[in-house]
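Visitor: Take this structure first; my questions come after.
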Amino acid sequence: MQQDLIGALLKDTKFEGFVLVRQSEQRTGSNGGKYLDMTFADRSGEINAKLWDGTVTPPAVGSVIKVRGATQEYNGRLQLRVEKLRALESADDVDMTLLTPCAPEDPEAMLLEIQNALAAVHSEPLRLIVGEMLRQSHDKLLYFPAAQRIHHAERGGLLHHMVGMLRLAKAVLSVYPQLNPDLVVSGVIVHDLCKTEEMDSDLLGVVKDYTEDGLLLGHIVIGVKRIAQAAQAVGVSGEAVTLLEHMMLSHHGEEEYGSPRKPMFPEAEALHWIDLMDARMNEMASAMDKLPQGVFSEKIWSLERRLYHPRYDELTPEG
């Protein structure tokens, strides 16, 4: 399959090829006419798409379809005006790895790095609890994303996020030796593990929706339950369990961001900032990849700001 990548499309460009459906719904315009509002993706990025035909059934989120159309600019953003679309057929030759973003490192290698970090934890209670939780999530980790649409929304993204945090934690621990490394590493490994229960992802790492437990409880509450269950399964009780549960409860930092408690000891505070920094750097890197140097982005709602791509080439004089 040879086709243009979404991230390389320019205004007034014809496009024909296969795309992954990220979002799809029928809407009603101001004139009363119905149309399809969709978001298509491949590994290079996403594009909003419109089909001005209300008789067409919206394609399923997470499905692969073939589309034909042309790009146009609307409110300063690139948009695909779809002329025709159809479902994937058995005879189509499609390389699925071209259609979904993937973590830049091998999932098996990332998982091994996490397992090695856990093996270096000296606290037996923490090592047993985290090991039990990691064992339960093992198979899903190899493909699960860290989010539906924001940071590390890619196949293997949850592992990518965890490994990035572990590497950042190593640097933080070298600066703040008073921190307990066993608590920090254990918190990094478990903090988002229950996103595998919060979201419904297929093997391509595409989240179709949130699960019932994900909507009603969220990964933080589910995570606290899983820590308690894992501790009971491995015969651990006491403060190690409570500290790990608090780190789970507080890793988003503030109540408005989903944490029932603010961090109340240094390792919990460190986990919050390590998590936030790795997530933000990933979001910004994704934005920079799509933005020419010297250009401002549109407002990124998750960051509540526009971003600027510096002219890095001008920072180092030639000669």
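The values are calculated or read from the model by the stated rules, or taken from the named source; none is laboratory data. Small disclaimer: the values here were computed from a predicted structure and weren't measured. Note: ideal-geometry Cβ built from the backbone for every residue, glycine included; neighbour counts use all protein chains shown.
Visitor: Mind counting the residues in the range 6-27 that are free of Cβ contacts under 8 Å to residues at least 40 places away in the same chain and more than 18 Å from Y74 (Cα to Cα)?
Guide: Going through the range 6-27, the residues free of Cβ contacts under 8 Å to residues at least 40 places away in the same chain turn out to be 8, 23-27.
From what is left, the residues that are more than 18 Å from Y74 (Cα to Cα) are 23-26.
Going through the range 6-27 one residue at a time, the tally reaches 4.
Visitor: Turning to a different aspect of this structure: Evaluate the range 193-203: report whether one residue or more is over 24 Å from A169 (Cα atoms), touching a residue at least 40 places away in the same chain (Cβ under 8 Å) and crowded, with 16+ Cβ neighbours inside 10 Å. Walk me through how you get there before you give the answer.
Guide: Pass one, the range 193-203, residues over 24 Å from A169 (Cα atoms): 197-203.
Add one more test, that the residue is touching a residue at least 40 places away in the same chain (Cβ under 8 Å), and what stays is 199, 201-203.
Okay, now just the ones that are also crowded, with 16+ Cβ neighbours inside 10 Å, so 199, 201.
Yes, the range 193-203 contains at least one residue that is over 24 Å from A169 (Cα atoms), touching a residue at least 40 places away in the same chain (Cβ under 8 Å) and crowded, with 16+ Cβ neighbours inside 10 Å.
Visitor: Give the residue, chosen from E256, E212, that is at pLDDT 95 or above and surrounded by fewer than 19 Cβ atoms within 10 Å (Cβ to Cβ).
Guide: Working: E256 fails: at pLDDT 95 or above.
Criteria check complete, one pass: E212.
Visitor: Further, regarding this structure: For H272, are the conditions met, namely being in the same structural domain as L179 (by TED's automatic domain parsing), crowded, with 16+ Cβ neighbours inside 10 Å and touching a Gly at 6+ places or on another chain (Cβ under 8 Å)?
Guide: yes
Visitor: Determine if the range 106-117 includes at least one residue that is assigned to a loop (DSSP other than H, G, I, E, B) and exposed (fewer than 12 other Cβ atoms within 10 Å of the Cβ). Explain how you work it out, then say what you get.
Guide: Of all residues in the range 106-117, those assigned to a loop (DSSP other than H, G, I, E, B) come to 106.
Pick out the ones that are also exposed (fewer than 12 other Cβ atoms within 10 Å of the Cβ) and you get none.
There is no residue in the range 106-117 that is assigned to a loop (DSSP other than H, G, I, E, B) and exposed (fewer than 12 other Cβ atoms within 10 Å of the Cβ).
Visitor: How many residues does the range 236-271 hold that are free of Cβ contacts under 8 Å to residues at least 24 places away in the same chain and of a type in the set (G, A, S)?
Guide: Filtering the range 236-271 down to residues free of Cβ contacts under 8 Å to residues at least 24 places away in the same chain leaves 237, 239, 242, 245-246, 250, 253-257, 261-265, 269.
Remaining after also requiring of a type in the set (G, A, S): 237, 250, 253.
Residues flagged as free of Cβ contacts under 8 Å to residues at least 24 places away in the same chain and of a type in the set (G, A, S) within the range 236-271 amount to 3.
Visitor: E113 versus (1) farther than 27 Å from K299 by Cβ; (2) of a type in the set (D, E, K, R); (3) not assigned by TED's automatic domain parsing to the domain that holds L159: which is the lone unmet condition?
Guide: The number of the failed condition is (3).
Visitor: Can you list residue pairs whose Cβ atoms sit under 9 Å apart, with the first residue in the range 129-146 being within 23 Å of A228 (Cβ to Cβ) and the second being part of a helix (DSSP H, G or I) and hydroxyl-bearing (S, T, Y)? Count only pairs 6 or more apart in sequence or on different chains.
Guide: As it stands, the answer is I129/S186; V130/S186; Q136/T196; S137/T196; K140/T196; L141/T196; F144/S137; F144/T196, since those pairs meet every condition given.
Visitor: Look through the range 16-34, keep the residues that are surrounded by fewer than 18 Cβ atoms within 10 Å (Cβ to Cβ) and of a type outside the set (S, T, N, Q), and return whichever of them is nearest to D4 (Cα to Cα). Explain how you work it out, then say what you get.
Guide: Of the residues in the range 16-34, the ones surrounded by fewer than 18 Cβ atoms within 10 Å (Cβ to Cβ) are 16, 23, 25-34.
Among the residues that remain, those that are also of a type outside the set (S, T, N, Q) are: 16, 25, 27, 29, 32-34.
Details: E16: 8, E25: 25, R27: 28, G29: 30, G32: 34, G33: 31, K34: 29 Å.
Filtering the range 16-34 for residues that are surrounded by fewer than 18 Cβ atoms within 10 Å (Cβ to Cβ) and of a type outside the set (S, T, N, Q), the one nearest to D4 (Cα to Cα) comes out as E16.
Visitor: Next question, about the same structure. Give the number of residues within the range 275-285 that are touching a residue at least 24 places away in the same chain (Cβ under 8 Å) and surrounded by 15 or more Cβ atoms within 10 Å (Cβ to Cβ).
Guide: 5
Visitor: What number of residues within the range 287-319 satisfy the criterion of being in contact (Cβ under 8 Å) with a residue 12 or more places away in the chain and not in a loop (DSSP other than H, G, I, E, B)? Spell out the reasoning first.
Guide: Here is the first cut: in the range 287-319, the residues in contact (Cβ under 8 Å) with a residue 12 or more places away in the chain are 287-298, 300, 302-303, 307-313.
After this cut, where a residue has to be not in a loop (DSSP other than H, G, I, E, B) as well, the list is 287-289, 296, 300, 308, 312-313.
The qualifying residues number 8.
Visitor: Shifting gears a bit: I'm told D289 meets every condition in (1) assigned by TED's automatic domain parsing to the domain that holds V224; (2) more than 21 Å from Q178 (Cα to Cα) except one. Can you identify the failing condition by its number?
Guide: (1)
Matching residues to (1) buried (at least 18 other Cβ atoms within 10 Å of the Cβ); (2) in contact with a helix residue (DSSP H, G or I) (Cβ under 6 Å, 6 or more places away or on another chain):
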| site | (1), (2) |
| --- | --- |
| E124 | no, no |
| R127 | yes, no |
| E132 | yes, yes |
| L141 | yes, yes |
| P145 | yes, yes |
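Visitor: Test G205 against the criterion of being part of a loop (DSSP other than H, G, I, E, B), touching a Cys at 6+ places or on another chain (Cβ under 9 Å) and not aliphatic (A, V, I, L, M), and give yes or no. Explain how you work it out, then say what you get.
Guide: Values: part of a loop (DSSP other than H, G, I, E, B): yes; touching a Cys at 6+ places or on another chain (Cβ under 9 Å): yes; not aliphatic (A, V, I, L, M): yes.
So G205 passes the test.
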